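Read the figures in this text as sums done on the coordinates, not as results from a lab. Fair warning: this is a prediction, and the values are worked out from it, not measured in the lab. So basically every Cβ, Gly included, is an ideal-geometry build from the backbone, and we count neighbours across all protein chains shown.
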Amino acid sequence: MCFIILKTYHDLLKIYGKQGWWPLTESNGYHPGNYGFPKTPNQSFEICIGTILTQNTNWKSVEVAISNLNRLQSLTPASLLALETSPLKEAIRPTGYFNQKSLYLQTFADFFLALKEQIPSRDELLALRGIGEETADSMLLYAFKQPFFIVDSYTRRIFSDLGIVEMKERYNSIQKKFHAVMEPEFSGFKRVQVYQEYHALIVQHAKLHFSGKRLKLLPR
DNA sequence: AACCAGGACGTGA
DNA sequence: TCACGTCATGGT
């Protein structure tokens, strides 16, 4: 298992190169090789908004929604919180679930303001409506640079196919396996970079080689 | 024309 | 805990 997790990471990196996630719209999208992002609280906030909006939805739709919010000058915590409900729903409509997501976004904006630029704990995030384990870890890893490996549906598919996890295995159980392998190999901020890249590579690979639930090609 | 996309949550068993 | 149903738009 240890070998497979590390080898797959290096294989994907070799095939696709650095992905430079999280894609930030207001700073010209991708920034491969530059791990300085996010540089400002507003950029961190934009990432968090993206993690909520992309739930069970295509990223292209999220880009449209974030662009809409930016046009309304509502991409900051305070301005998003102040935005009326109906224009907010209209702005994020392309991502679907706009009734719940509008509530989730403003709940989070309120929480983000109260943080005063401190780093939230995983439990604090999980206590918020609309933030489950994957979304919490996405925020922690990409917006707050904390070493939490993200387990999404692609991760389950790829690594269940490789025989080291079960499709309906508990989130924490799968995450532990990755943490156990990666932590001894990498340390400190390096581990954050690797977790960021690994998840991005998994998504990139899955986007290109999955059709529905069927795997068309495995890494090598 | 069904199927699914970088999920979360509520419900009844 | 487990298995389903619901939320909703947009692309293939």
Taking Cα pairs under 8 Å and at least six residues apart, what relative contact order does region A:21-75 come out at, in percent?
31 percent
Label-point separation in nm, A:Y171 to A:S86, each point 7 Å along Cα→Cβ
3.5 nm
Computed for chain A: size of charge dipole around the Cα centre, +1 on C-beta of each Lys and Arg, -1 on C-beta of each Asp and Glu, debye to nearest 20, value 680 debye
Distance from the Cα centre of region A:146-191 to that of region A:27-44, in angstrom?
24 Å
Entries of A:K60/A:K177; A:K89/A:K190; A:K7/A:K168; A:K89/A:K168 with Cα pairs more than 29 Å apart:
A:K60/A:K177; A:K89/A:K190; A:K89/A:K168
Say we join alpha carbon atoms closer than 10 Å with springs in a Gaussian network model of chain A; which of A:I174, A:I164, A:I49 then has the biggest fluctuation?
A:I164
For the residue pair A:F3 and A:A78, what label-to-label distance in nm results when each label sits 7 Å from Cα along the Cα-to-beta-carbon direction?
5.7 nm
Using θ = phi - 60° and the Karplus curve 6.51 cos²θ - 1.76 cosθ + 1.60, what whole-Hz ³J(HN,Hα) does each residue of region A:147-157 get, with Gly and Pro shown as x?
x, 10, 6, 8, 10, 10, 5, 5, 4, 4, 5
Per residue of region A:191-203, in order, report the coupling 6.51 cos²θ - 1.76 cosθ + 1.60 (Karplus, θ = phi - 60°) as ³J(HN,Hα) in whole Hz, putting x for Gly and Pro.
5, 4, 4, 5, 4, 4, 5, 4, 4, 4, 5, 4, 5
Neighbourhood net charge (12 Å Cβ-Cβ; Lys/Arg +1, Asp/Glu -1) for A:P77:
-2
Gained length - A:L113 relative to A:W59, 0.36 nm times residue gap less alpha-carbon distance:
16.9 nm
Hey, rough spin-label estimate for A:N42 and A:K207, points 7 angstrom out along Cα→Cβ, what's it come to in nanometres?
2.6 nm
Taking chain A and counting helices only, DSSP H stretches of n ≥ 4 at -39,500 (n - 2.57) each over all residues, the nearest-500 ellipticity at 222 nm comes to -18500 deg cm²/dmol
Region A:109-220: relative contact order from alpha carbon pairs under 8 Å, six or more residues apart, as a whole percent, is 22 percent
I want to verify a result. In a Gaussian network model of chain A, Cα cutoff 10 Å, which of these has the top mean-square fluctuation: A:E185, A:E46, A:E197?
A:E185
